[in-house]
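This report concerns only the one structure given below.
The values are calculated or read from the model by the stated rules, or taken from the named source; none is laboratory data. All of these numbers come straight from a predicted model, not from anything done at the bench. Reconstructed Cβ throughout: ideal geometry from the backbone, glycine too, with neighbour counts over all protein chains shown. Side chains are part of the model used for accessible areas, which takes the heavy atoms of the whole protein and leaves out ligands, DNA and RNA. Shrake-Rupley method; radii C 1.70, N 1.55, O 1.52, S 1.80 Å.
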Amino acid sequence: MKIKRFLAGLLAVSAAAAMLGGCGNSDDSSSEGGSASKADTSSAAESAAEESTAEESAADSTAEESTADESAADADDPNAGDPNDYHFEPVEDGVDKYGRAGIVWMNMDQWDHRKDLDLCATDEAETSIVPSTNVDVYITGNGTYTVEMSGYHAPQEWLDAGLMCGYFGVELMTEFAQYPDLTFWIDECVIDGQTYTFEHDTDPESEKYQVIEDTEAYEENKQMIKIKNGYGDGLMEDATCWKTTDPITVTFTIGGLPTDKIEDYDEKINVVYGSGSIE
C-alpha cells in the first residue's frame, strides 16, 4: 500500500510539473503573440494616422483650390468688392494740370449712378459696382476735349418701363475761385449713335448760355453742365436714358485759363468699374 501510495504521489508530482511546464510555454507563447498583436495594432494606428494626414492634406488642398476659385470668381464678378474702397489715383508725370473732367450721370427711380469722378459707379445702395468704362481727361489748358462712356445702359425691363435719366452731363473739377474768367461749354454729344450739337455763349443772360451747376458732390471745385435732366432744364429736351452700350462721347471747350492745352500730351484717363461692361 505504501508503495502504491508512493507511486501515486510520484505520478501526481509529475503531472503537476507537466501542467506547470505547459502553462509556462503557454505564457511565453501568449507573450510572443501579445507582442505581435501590439505591433500589428501599432502599425494599423500609424497607417490610419497616415491616411488621416493624407485626407487632411487633400482637404486643405481642396480648400485652397476652392479659395483660389472663389478669388478668381470674385475677380471676374462686376459686383465684387466694396465700391466705397475705390480711390482715384492721379498720374504724376511732371505735367501741370488744372483739373479733370468726365461724364457723370444718375438714373431716375432705379438710381444707378456715377455722381462724381472720385467715386465708383454704383447701384442705389452704393454697395454694388455698376460695370462701365469711362475715358475722362486731364485739363491742361484752354482747348477742346472729348470724354467717353461705354459698357452700361439700364436693364431692358427698366427701359421698357420708360425709365428716365435723372441727369447726364460732364463734371469739371478745377479750382474755380482761382480762375474767375473760366468758361466751360458743351459742343457736341453722341448718344446711341445719334449726334447732337449745342450752341453756347459766355453771357449768362443769353439763352445760349449753358448753366454750370454744383455737382452731386456739392463741393466748390466740382461743377457740371447737364445735357439731360429729368428734374429740370438740360441741353436736351429728351430726358430718356441711353439704350445701348455704344460709346457715348461728349466734346466740350474750356477757356479763360492762364495757358492753352498741351497739344502733344495724351490727356486721357481710362477708368473701368467692375468688368467694364454689362455684356
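Might you let me know whether region 105-118 holds any residue that is assigned to a strand (DSSP E or B), under 16 Å from ILE225 (Cα atoms), open to solvent by 20 Å² or more (accessible area, probe 1.4 Å) and of a type outside the set (Ser, Thr, Tyr)? Within region 105-118 (the criterion being assigned to a strand (DSSP E or B), under 16 Å from ILE225 (Cα atoms), open to solvent by 20 Å² or more (accessible area, probe 1.4 Å) and of a type outside the set (Ser, Thr, Tyr)), the answer is yes, since at least one residue qualifies.
Residues in region 233-279 that are acidic (Asp, Glu) and either touching an Asp or Glu at 6+ places or on another chain (Cβ under 7 Å) or farther than 24 Å from HIS87 by Cβ (or both): ASP233, GLU237, ASP238, ASP246, ASP260, GLU263, ASP264, GLU279.
Condition check ((1) part of a strand (DSSP E or B); (2) among the hydrophobic types (A, V, I, L, M, F, W, C); (3) open to solvent by 90 Å² or more (accessible area, probe 1.4 Å); (4) under 19 Å from ASN229 (Cβ atoms)) across all residues:
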position	(1), (2), (3), (4)
CYS165	yes, yes, no, yes
LEU172	yes, yes, no, yes
ALA177	no, yes, yes, no
PRO180	no, no, yes, no
PHE184	yes, yes, no, yes
HIS200	no, no, no, yes
TYR209	no, no, no, yes
GLU216	no, no, no, yes
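Pairs meeting the criteria (first residue in region 189-211 and under 24 Å from ALA154 (Cβ atoms), second residue surrounded by 14 or more Cβ atoms within 10 Å (Cβ to Cβ) and aromatic (Phe, Trp, Tyr), beta carbons under 6 Å, at least 6 apart or on different chains) are CYS189/TYR196; ILE191/TRP242; ASP192/TRP242. Filtering region 119-149 to residues that are open to solvent by 30 Å² or more (accessible area, probe 1.4 Å) and touching a residue at least 12 places away in the same chain (Cβ under 8 Å) leaves LEU119, ASP123, GLU124, GLU126, THR127, SER128, THR133, ASN142, THR144, THR146, GLU148. Condition check for GLU157 on (1) more than 26 Å from VAL211 (Cα to Cα); (2) acidic (Asp, Glu); (3) surrounded by 17 or more Cβ atoms within 10 Å (Cβ to Cβ): one failure, at (3). Residues in region 220-279 that are among the polar types (S, T, N, Q) and part of a loop (DSSP other than H, G, I, E, B): ASN221, THR244, THR245, THR259, SER275, SER277. Taken together, the residues in region 126-153 that are assigned to a loop (DSSP other than H, G, I, E, B) and among the aliphatic types (A, V, I, L, M) amount to 1.
On the stretch given as region 218-239, residues that are free of Cβ contacts under 8 Å to residues at least 12 places away in the same chain, under 29 Å from GLN178 (Cα atoms) and open to solvent by less than 70 Å² (accessible area, probe 1.4 Å) total 0.
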